[in-house]
Structure formats: C-alpha cells, structure tokens
Amino acid sequence: MSSAADLLPPLAATDTTCDVLVVGAGIVGVAIALRIAQEGRDVLLVDRERVAAQASRVNAGALAFSDILPLASPGILRKAPRWLLDPLGPLAIRPRYLPRIAPWLVRFWRASQPDRVRASTAAQAALMDLSATETPALLASAGAAHLIRSDGVLHVYESEAELAAGEAGWRARREHGIAFTHLHGQDAIAELQPGLAPSLVAATFVPGWKTVSDPLEVVEALAAAFAQRGGRARRAEATALVPGAGGVTVRLAGGGEIVAQRVVIAAGAWSHRLARTLGERIPLETERGYNTTLPPGAFDLRRQLTFGGHGFVVTPLATGVRVGGAVEFAGLDAPPNFARSATLLAKAKRFMPALDVTGGSEWMGFRPSLPDTLPAIGAAAADDRVIYAFGHGHLGLTQAAATARLVADLIHGRAPALAMAPFRPQRFA
Ligand SMILES: Cc1cc2nc3c(=O)[nH]c(=O)nc-3n(C[C@H](O)[C@H](O)[C@H](O)COP(=O)(O)OP(=O)(O)OC[C@H]3O[C@@H](n4cnc5c(N)ncnc54)[C@H](O)[C@@H]3O)c2cc1C
C-alpha cells in the first residue's frame, strides 16, 4: 500500500530553521500544518517516513461525531472480563505486556468512575461539536469536501437486550443534542441495509455520523493543500527537544537539528517519547487495531455498520470494504498478530452472509490512547513554545480538524474555541 516512492524528501540545507515545526505527518499533524499555514505562518512538517505512515493510513474512515462516550466507562469494565477470556476477542492484553500496561489500566479504571465519565463525556461532546464544523470546513478549504460521505451509521445488535443495555449512553447523547433512531426487527434494518443475517434483530441509526471515501486520500488531500500554500514537508526523525533562548532546538536522528520558534508534537503513539525529553511523563499507550480491506464490491454496503458487541466495524470506502477494529494492548514493538484480522473477517461473514472475503489486504495500526479517552492538546510544562497534540485514540480522523483549530488558537494567542482544561496534557501528573 506504500512504497519507497512516497517517502517524504529529505531535509534541505535551508530547512534548519522555521517559524513553526510540526512533528508527525499523520492526520493530526497534517491538519495542524495546513491550518497554521493557512493563517500565514511559515510551517515545516516533518515525518520520519511519509504522509500518513501509521494509524492515519488505513483506519475505519469514520467521522464519528456522535461518539462522545468515553471508552473508560462502567460499561467497558463490565464487558472486559468476558472479552479478555477470548484471546482473539474484541479486547486482548498480551500477557508479557501486562506489567507495562498495569499503571495505565489503573488510570483507565479511575477515569471510569461515574463523575469522571460525566466530565469526560461533556468535554468529548464539546470537542465533537467543534469537529463537526471544523472538519468539513478544513476539507473544503483543501478542495476535498467531496471526500466526505453523509450516509450516517447503523449500529446493529443481536438482541433487544443489547440495545437496551446501551440506553443510558443514548440518553446522554440525546442530552448533547445528537439525533438517532432505534430500529426494531429485520424489516426496519433491511430498509437501511439489506442482506444482514437474521440474528441481527435491532439497530440504531445515527444520521449525523459521516465517513470518508478513504482516510489516506483525506490526509493526502490536506498535505497537497499544505504544499500548495508553500508549506514544506520533509523526512526527518525528531529524537529530542531542547528549549533555548533563540528557539526550540529539535535534535534529529542522524545528527542534524532544526531550530523553531514553536514546535507542535503530533507524532501519534510515539509522542510521549518526545515529551519525555522535556522531562514530562505522559501516560500515552497504544491500542493496536486490525482490519482487512476487501476489494470494492465485496458487499453491497449502504453505509458504515458497527457491531459493538464484537468490537468491529465495516466501512464502505472508495477503495473497498474495510472490516476491522478490536483493541490489543501489546505496545509499540511486538509484531502484529494477523489472526486478529482474520477473526474479525470471519465474524463479519457470519453477520453479512454474502460478504466476499477473498482478495483482502490486512493491516495493523497503533491508536495513540490516553486513559480517559480524551486527547492531550496544550503547552508542554517545560516550555509553552512546545504544543502537544496527540492521544486521540479511536477518534483521530474525527477530531484532527478541531485539534488544528485549537492548536492554531494557542499558537496565535487567541482565546481557544473551547475550554481546554479537560485536554491539559498535565492532567495525569
Ligand atoms: C483499526 C483502526 C481503526 C480506526 N478507525 C478510526 C475511525 O474510523 N475514525 C477515527 O476518527 N479514528 C480512527 N482510528 C484512530 C485514528 O486512526 C488515529 O487516532 C489517528 O490516525 C491518529 O493520528 P495521528 O496523526 O495522531 O497519528 P499517526 O497517524 O500515527 O501519525 C503519527 C506520525 O508521526 C510520525 N512519527 C512518529 N514519531 C516520529 C518522530 N520521532 N519523528 C518524526 N516523525 C515521527 C509517524 O511516522 C506517523 O506518520 C482508527 C485506528 C485504528 C488502528
């Protein structure tokens, strides 16, 4: 899916200084770089590889604006023990990784207490409101509005009890102004998505949820608009940040350095390593996810489907039908276990009998996740010339444009578009 040909060009001799340096050319970094360049700043965007080298490349393509409930919640704590019993189930922890992830899981458990859940739901809802306006605006500014599909999503259930178990969440969404319709019985479901197995007996349709034609296409469109604005995108790996009187020096693998007036860290699941060089410990983990992209036409899919009880989604993309999801805690270095993609595909086939499961390509990506399901957006403790923008977990595509708006507000010294306290990078200290 990627080749040496799409590697970013290396740094040129003139790339040793800049006004704003953005580290990481995933969807978050590219959105920020474009937004800041649009406001007239000189921006250098660096990635150790290419545009959308990691999580932003092959994700499920949802603009999940109604997904305001934190993962850290009593509901997940109830489901987790059953899920963990199945080594290829929706949630897995590699045994050897358990000691490493334990402190993060304790924070996750704390964030799942009811008062914390209410607070993070309100913060997430505010960020989603901003995302719902900023995303189409940013894509339109890049000439890419046509990449958004407005078909809504169908969350499907195997029993009325499964639908009823989510009712508190639906009440919370209604309180935040999110429209949805519960559907009962196969006929009602078939009107929005024919061809599903009779074991699916209820569903919820959310019209305001959107998807994109392909997540890679979106990042590439924003990166092209950034280049058109005169923005520079280069290949370089940041290894350390050193604030000084004349700017922030960013040391690079291989020995070079860049001096920038402002630095934005948007390096996805690797961002905490750079924060560490400024003396900050941020509990960023990776929730690894898996999928398979089947050729176009593998199923007559009318809109995105989610199978919450099994932790996967199926998305219609311009490039095919993508089946995947699940969460695996195994860190940044363990090799992928593609038996997970195969398991998700087999489950999808059970619910979508006509799904042609041949000819697919498998992928694993690293979601950058903080324990309370909210991203870190704000200044570094050591130096406010460094801004963090990472930890969007399952929602980075959805929240990238809103994050770009907030980072631009911070860089320009404007009052941010929403209250920033819930996103403070130091909230776990
Ligand atoms: C299976 C799966 C499905 C998903 N589905 C959705 C979805 O439907 N909707 C949604 O909103 N989100 C979804 N997500 C989550 C979403 O993909 C991520 O939240 C998002 O891509 C994170 O973007 P990012 O830019 O922060 O990180 P990344 O996309 O990981 O980008 C980080 C970049 O930083 C670079 N980098 C790292 N370290 C350095 C360094 N030291 N120097 C230079 N460069 C560096 C990397 O090469 C990489 O290109 C999904 C994720 C997965 C895994």
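The values are calculated or read from the model by the stated rules, or taken from the named source; none is laboratory data. Since the structure is predicted, the reported quantities are computational estimates derived from the model, not experimental observations. Reconstructed Cβ throughout: ideal geometry from the backbone, glycine too, with neighbour counts over all protein chains shown.
Apart from one condition, GLU237 fits all of (1) among the acidic types (Asp, Glu); (2) in contact with a strand residue (DSSP E or B) (Cβ under 8 Å, 6 or more places away or on another chain); (3) away from the ligand (no atom under 16 Å from the Cβ); the exception is (3). From the residues in segment 211-228 that are more than 17 Å from GLN54 (Cα to Cα) and surrounded by fewer than 18 Cβ atoms within 10 Å (Cβ to Cβ), which one is farthest from the ligand (Cβ to nearest atom)? Taking the candidates together, the pick is GLN228.
Pairing residues of segment 356-369 that are over 12 Å from ARG322 (Cα atoms) with residues that are assigned to a strand (DSSP E or B) and of a type in the set (Ser, Thr, Tyr), at Cβ distances under 6 Å and at least 6 apart in sequence or on separate chains, gives MET364/TYR290; PHE366/THR286. Being assigned to a loop (DSSP other than H, G, I, E, B) and out of contact with any Leu (no Cβ under 7 Å at 6 or more places or on another chain) is a condition met by no residue of segment 235-244. Comparison of GLY208, GLY166 shows that the only residue that is under 23 Å from the mean Cα position of the chain (by Cα), surrounded by 16 or more Cβ atoms within 10 Å (Cβ to Cβ), among the small types (Gly, Ala, Ser) and within 16 Å of the ligand (Cβ to nearest atom) is GLY208.
Closer than 20 Å to GLY24 by Cβ and either modelled with pLDDT under 95 or surrounded by fewer than 21 Cβ atoms within 10 Å (Cβ to Cβ) (or both): does that describe LEU370? No. Where helices (runs of 4 or more DSSP H) fall entirely within segment 93-196, those with at least 3 residues that are without any contact (Cβ under 8 Å) to a residue 40 or more places away in the chain are at 98-111, 114-141, 167-175, 186-192. Counting the residues of segment 29-49 that are assigned to a strand (DSSP E or B) and either within 30 Å of ALA119 (Cβ to Cβ) or near the ligand (Cβ under 7 Å from one of its atoms) (or both) gives 2.
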